Every structure is written in C-alpha cells, then in structure tokens.
1. Ignoring ligands, DNA and RNA, please state the percent of accessible area on the protein assembly as shown from carbon and sulfur, probe 1.4 Å.
2. Give me a comma-separated list of calculated 3J(HN,Hα) values for segment A:199-210, in order, Karplus coefficients 6.51, -1.76, 1.60 applied at θ = phi - 60°, integers in Hz, x for any Gly or Pro.
3. Find the centroid of the Cα atoms in segment A:179-197 and in segment A:146-176, then give the distance between the two in whole Å.
4. For label points placed 7 Å from Cα toward Cβ, what is the shortest-first list of nm distances from B:Thr294 to its copies?
5. Which residue fluctuates most in the GNM of chain B (Cα springs below 10 Å): B:Arg114, B:Arg146, B:Arg157?
6. Ordered by residue, what ³J(HN,Hα) values in Hz, to whole numbers, does segment A:142-153 give under the Karplus form 6.51 cos²θ - 1.76 cosθ + 1.60, where θ = phi - 60° and Gly and Pro are x?
7. Inside 10 Å of the C-beta atoms of B:11-24, what's the mean count of C-beta atoms belonging to other chains?
8. What is chain A's relative contact order, in percent, from Cα pairs under 8 angstrom and six or more apart in sequence?
There are 2 protein chains.
Amino acid sequence: MSAPPDPNTDTLVVVKPSPLNAETPTPALAAEVTPSRHVYVRSNFAHPQLDDGAHRIAVGGAVHSPFAIDMSELRALPMHTVVATMECAGNDRSSMRPPPPGELWRSGAVSTARWTGVPLAAVLERAGVHTEAVEILVEGADAGPREDSVGPVTFGRALPVADALQPDTLLAMMMNGEPLARPHGAPVRLIVPGWYGMASVKWVTRIEALTTPYRGYFQRKRYVYEDASATSPVTRMRVKSMIVSPEDGDVVASAPLLVQGWAWSGAAPIVRVEVAIGGGDTWRDAQLGAAASTHAWTPWELQCDVPQPGRYALRSRATDGAGNVQPDAARWNRHGYGNNAVRTVIIDVR
Amino acid sequence: MSAPPDPNTDTLVVVKPSPLNAETPTPALAAEVTPSRHVYVRSNFAHPQLDDGAHRIAVGGAVHSPFAIDMSELRALPMHTVVATMECAGNDRSSMRPPPPGELWRSGAVSTARWTGVPLAAVLERAGVHTEAVEILVEGADAGPREDSVGPVTFGRALPVADALQPDTLLAMMMNGEPLARPHGAPVRLIVPGWYGMASVKWVTRIEALTTPYRGYFQRKRYVYEDASATSPVTRMRVKSMIVSPEDGDVVASAPLLVQGWAWSGAAPIVRVEVAIGGGDTWRDAQLGAAASTHAWTPWELQCDVPQPGRYALRSRATDGAGNVQPDAARWNRHGYGNNAVRTVIIDVR
C-alpha cells in the first residue's frame with residue numbers, strides 16, 4: 001500500500017507554509033471522521049524524510065531489556081484501531097486577546113481520524129519498564145534551532161507511565177486505513193487519545209523510560225500554560241464544543257434553525273451541550289448523538305426558533321462527566337494554549 | 001432642497017431591520033467624511049415622521065423665558081458647521097464575550113459627517129437658563145414600550161450645562177450639505193461632538209433645563225456602564241482606533257505592507273497610534289495625519305515589513321492627549337457599551 005499524496009494548500013487552509021501548519025477547512029469539519037486530505041497539520045520543524053526500510057525505534061532508559069525495533073517487526077505485532085479526535089493545543093489561539101505569539105489558528109486545528117497501530121504498551125512490555133520509572137519519553141526525528149534555546153532542539157514529549165500503558169495509546173502507522181503521509185509522521189507516530197496533539201509525537205525514533213520528570217524544551221518551555229503566577233504542562237484536551245452549522249457570518253431564513261456541532265473532552269465523556277441564542281443567560285439543552293468511540297467527538301444538535309429578523313449570537317457550551325464546563329471567555333496564557341471558551345458564531349436572520 | 005432618499009439595505013449593512021439598525025459598510029469606512037448613504041443608523045424605536053411645517057421645539061424648565069420655536073425660525077438663526085466623528089456606544093459589541101444583549105454591531109457603527117445647524121447655546125441663551133440648572137434634557141419624538149419599563153418610554157438624554165453650551169453642540173438640520181434624512185432625525189437632531197451617539201438625540205421635540213440630574217430610562221437603565229460593582233452613564237467616546245486597511249481575513253503579498261486607519265477620542269486629541277505585527281509586545285509608532293476638525297477622527301498609517309509568509313495579527317493602539325490608552329481586551333459590561341479594546345485584524349501573507 002503506498003502512502004497518499006501529501007496534504008497541500010488545495011485541501012487545507014495554510015497558516016504557515018514552512019514548516020507546514022495548516023487547518024482543516026470549515027466544510028470538512030462537518031464529517032464525523034475527517035477525510036485524510038483535510039486532517040490538520042501542525043509542524044514545529046521541517047518534516048523528516050525517513051527510510052521505511054532502514055527506520056528503527058530505539059527503546060531504552062529505565063527498562064530491563066533495551067532493544068531497537070524496525071518497521072517490519074513493528075508491523076508484525078498485533079494491531080489495534082481507535083477513532084480519536086485530536087486538537088492542537090493552539091487551536092483558536094487567534095481569538096485570544098491580545099493575540100499570543102505562535103501560529104494563529106482559527107477553529108480548524110482539530111480533526112478526527114481512525115488510527116491503526118501497535119499499542120505502545122506492547123513495546124514497553126517487551127522492554128520491561130523498571131518500577132521506578134515515572135514517565136515515558138517519546139522523541140521524533142524532527143529537530144532544529146529555537147530562538148530561546150542553545151543548540152538544536154529535538155521534538156519530544158513525555159507521558160506519565162499509566163498514560164503510556166493505556167491500551168489505546170498507539171504507535172500508529174495508518175490513518176483512515178492508509179499508511180501515514182509524511183506530514184502526519186510517516187512511517188510511525190504516537191497517538192495519545194484525549195491529549196492535545198503535541199503528545200502525539202510524529203516520526204518516532206526513540207522511546208525512553210525516565211525515572212525523573214522530563215525537562216525538555218517542548219515539555220517545559222512550550223506546550224505549557226504560562227501566566228504571571230505559574231507554569232504547568234499542557235496535557236489532556238479541555239472540554240470544548242464547536243458549532244459546525246450555521247457558520248459565523250451566515251445569512252439564514254427565519255424559519256426554525258438547526259444548530260449542529262461537536263463536543264469533546266480529554267477528561268471524561270460529554271454529558272451535556274447547551275445552546276444560547278442572543279445575549280443573556282438563557283441556555284437550552286441540545287440533543288446529544290452517539291460518538292464514534294470514547295475518544296471521538298460527540299455530535300449534538302438543537303432546533304431553535306428565531307423570534308424576528310436581525311443579527312444573533314449563537315453559543316454552545318459543553319459539560320463533561322467530570323463536571324468541567326467551558327468558560328465564557330478565553331483564559332489567556334503567554335503562548336495561547338487551551339482556548340476552550342464558549343464558542344460564539346454570529347448570524348443574520350432575514 | 002429636498003431630503004435625500006432614506007438609507008437602505010443597498011448602502012448599509014443591516015443589523016436589525018425594524019426598527020432600522022444598520023452599519024456603515026467596511027469600504028465606506030475608508031473615507032474621511034462618510035458618504036451620507038453610508039452613515040450608520042441607530043434606532044431605539046420606529047422613526048417618527050414629523051411635519052416640517054408644523055414641527056416646533058418646546059424650550060422650558062428652569063429658564064427665564066420658555067418658548068417654542070418652529071423650523072423656519074430655527075433656520076433663520078446663524079448656522080455653524082462641524083465635522084464630527086460619531087460612534088454608537090454599542091459599536092464592536094459583537095466581539096465582547098459573552099455577547100451582551102443588544103444590537104450585535106461589528107465595527108461599522110461609526111461614521112464621520114459634516115453637520116450644519118444652530119448652536120444649542122443660541123436657543124438656550126434666548127430662553128435664559130437659571131443659574132441653578134445642572135443639566136439640559138433633550139427629548140426626541142421617538143418613543144415606545146420597553147420590556148423593563150412601565151408604560152411608554154420617550155427617547156431623551158441630558159447633558160451637563162457646560163456641554164450643552166459648548167459652541168459645537170448643534171441643533172443640526174443638515175448632514176453633509178443636505179437636509180437630514182428621516183432615519184437621521186429629520187427635521188432636526190442634536191449633535192454633541194465627542195460623545196457617543198446616544199447623546200445626539202434625533203427628532204428633537206423638547207429642550208428642558210433641569211435643576212436635578214435626569215433620571216430617564218436612557219440615562220439610568222440604558223447607555224450606562226453596568227457591572228457587578230457599579231453603574232455609571234455612558235458619556236464621551238473612549239479613545240479608540242480602527243484598522244481600515246488591510247481588512248481582517250485579507251490575503252496580501254509579502255512586499256512592504258501599508259497599514260492605515262483612524263483614531264479618535266472624546267476626551268482629547270489623538271497624540272499617538274502604535275501598530276504591532278504578530279504576538280508579543282513590540283509596537284511601532286504610526287505616522288499621524290491631520291484630522292478634518294478637532295471633532296473628527298485622525299488618520300494614521302505605517303509601512304511595515306513582514307518577515308515571512310504566514311498568518312499575522314495586526315493591532316493598533318491609540319493614545320489621546322489626556323493619557324488614555326486603548327486596553328488590550330474589552331471591558332465587559334452588562335449592556336456591552338464602550339468597547340474600545342485594541343483593534344486586531346488577522347491577515348495571511350503569501
């Protein structure tokens with residue numbers, strides 16, 4: 001099976017051409033599983049070109065039996081498929097004020113795909129992780145200089161051991177039934193369902209069990225919530241909803257209006273989505289549909305009557321089973337991560 | 001001279017059709033004096049149709065000589081023309097989060113026009129305002145029911161006596177050299193330069209000198225900054241700037257970029273406009289042009305180099321001679337007035 005063509009500017013909304021950072025186009029966000037050519041691409045560095053036949057992942061650190069595994073060995077292990085929604089930690093950064101540095105994603109740095117691969121746990125079990133290990137570091141082949149770091153930086157993120165061993169945490173080799181395209185991490189990437197995208201390290205080269213918390217650049221200097229009082233790493237996706245239809249700026253008839261969208265949370269299943277029309281604090285419960293998996297976004301919809309012609313704000317607000325609710329306004333932080341504020345779209349009713 | 005045709009949906013962006021609330025279209029905001037057909041319209045009630053031949057303004061209250069004046073007498077008094085920028089207090093409400101109730105204006109509820117009329121002071125001097133008067137109430141012919149008031153409400157606003165006597169405060173009968181159109185207050189409206197638009201009462205019927213502060217609906221229940229801790233009336237326009245070019249969402253070449261816009265303040269002249277490209281806190285001074293009058297917006301521009309292709313946030317921040325600076329983020333209040341947050345537009349550089 002050959003890899004599909006790389007995503008390009010016909011199928012994505014480019015935020016930065018080099019390295020490629022590009023959003024899922026709004027119409028493609030209506031699909032429960034995002035077509036591969038429309039899956040958003042987030043890159044910190046130029047895309048490594050890895051030779052599938054020669055590529056090996058080194059597994060080491062605080063393990064009993066360090067080893068290296070090549071792609072054919074990896075493909076021979078039992079495979080598992082999960083449908084997972086993945087959101088970039090910087091999604092919706094463009095609506096934070098003042099705008100933080102970093103890619104100015106609108107609302108399209110989120111996609112849902114079917115990921116197929118070998119559970120990371122299978123590889124870790126073969127190595128035998130020492131009981132004193134606290135985190136599993138996964139490194140990619142992508143690296144380069146950063147203004148605020150001395151020498152080149154390699155992309156890497158560490159997960160608590162329990163999350164690394166979670167059976168749906170995959171060394172994925174396929175997306176939507178096709179081999180990974182290079183921008184998505186070919187030949188193999190990590191997939192950590194429920195976490196913001198930075199955890200799903202692409203172009204995996206190295207897996208290392210650590211006995212002290214990882215202090216790498218992308219764990220301590222980026223992908224951290226940083227404000228005047230504290231810094232903490234970005235981890236699971238905050239509870240969030242998006243309105244897919246109508247779209248911001250739409251002109252619609254005054255007939256009953258069907259509002260539709262998605263909701264997701266990395267903490268717990270979605271248990272409620274409310275919709276408000278107009279200002280004020282009147283919210284109505286939307287009807288929830290069934291998610292494609294426990295890691296995929298939940299569809300919701302609500303049919304509303306609009307009283308009279310004019311401009312209206314539509315808002316959606318999700319609640320998850322852990323009691324997390326979307327905030328009214330973005331919680332600003334220095335690098336602009338985790339904007340899960342209530343989604344507002346403005347429409348004109350004729 | 002006959003009045004021009006009413007503004008309509010071809011020349012304005014309608015926010016609510018009835019009563020008409022409609023914005024100046026973005027391209028028309030590039031003009032120093034807004035063409036009449038593109039001047040924004042804010043209405044609280046249906047537009048009164050007044051008979052020019054029979055219309056009289058009653059002048060009374062705490063004055064020595066109450067009188068009524070008809071349009072021909074008013075037109076016989078010495079006329080004065082001022083160019084003034086007028087902004088609706090609810091302009092940019094749509095970008096406040098959560099969206100407050102009220103018309104969801106984007107950035108087009110601001111216009112600049114040449115207003116011609118009789119200074120209010122001339123009429124007040126003829127009446128002889130008592131020294132104990134503290135405010136001058138001006139009422140319009142527009143009235144109607146309001147959900148949160150018993151019985152019909154008439155539109156009225158009061159000004160401190162000093163502002164009422166200010167020589168550029170006009171009983172205006174012409175806009176841009178033509179008789180006022182009905183949606184703009186024909187045959188006569190107040191113009192209070194420097195104040196948000198609600199002070200410029202349309203369809204004037206009554207002028208009354210008050211010895212105690214006015215407590216009417218539009219002075220105490222609306223056009224007030226209200227939050228959890230306090231309520232205070234909306235008065236002068238807060239310092240503000242807008243970027244006219246490029247527009248939000250524009251795709252531009254990576255050549256030098258000319259950023260242009262307007263800045264205004266009801267408190268003092270504009271003394272500085274700064275522009276930031278990208279996140280962070282690097283601001284550069286824009287070049288200020290000459291305003292058409294002390295009450296008109298000040299043009300500004302800055303030529304910038306854009307380092308590389310990608311998506312950028314452009315921000316403008318104005319400072320006035322009283323030291324007021326635009327805040328980074330909107331100051332939320334219950335009815336959504338006075339949003340003078342730093343203006344941000346997002347562009348894609350190819």
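1. With neighbouring chains kept in place, the figure for the protein assembly as shown is 51 percent.
2. Calculated HN-Hα couplings, in order: 6, 8, 3, 9, 6, 4, 10, 8, 10, 9, 7, 10 Hz.
3. 9
4. Label-point separations across copies, in nm and ascending: 7.2.
5. In this elastic network of chain B, the residue with the biggest mean-square fluctuation among B:Arg114, B:Arg146, B:Arg157 is B:Arg146.
6. Coupling constants for segment A:142-153: 7, 7, x, x, 10, 3, 9, 8, 8, x, x, 10 Hz.
7. Average neighbour count from other chains, rounded to a whole number: 2.
8. Working: 904 pairs, mean separation 61.5, N = 350.
Contact order relative to length: 18 percent.
The values are calculated or read from the model by the stated rules, or taken from the named source; none is laboratory data. Values in this document were obtained by computation on a predicted structure and should not be read as measured data. We place every Cβ from the backbone using ideal geometry, glycine too, and count neighbours over all the protein chains shown. These accessible areas exclude ligands, DNA and RNA; they are computed on the full protein's heavy atoms, side chains included. Shrake-Rupley method; radii C 1.70, N 1.55, O 1.52, S 1.80 Å.
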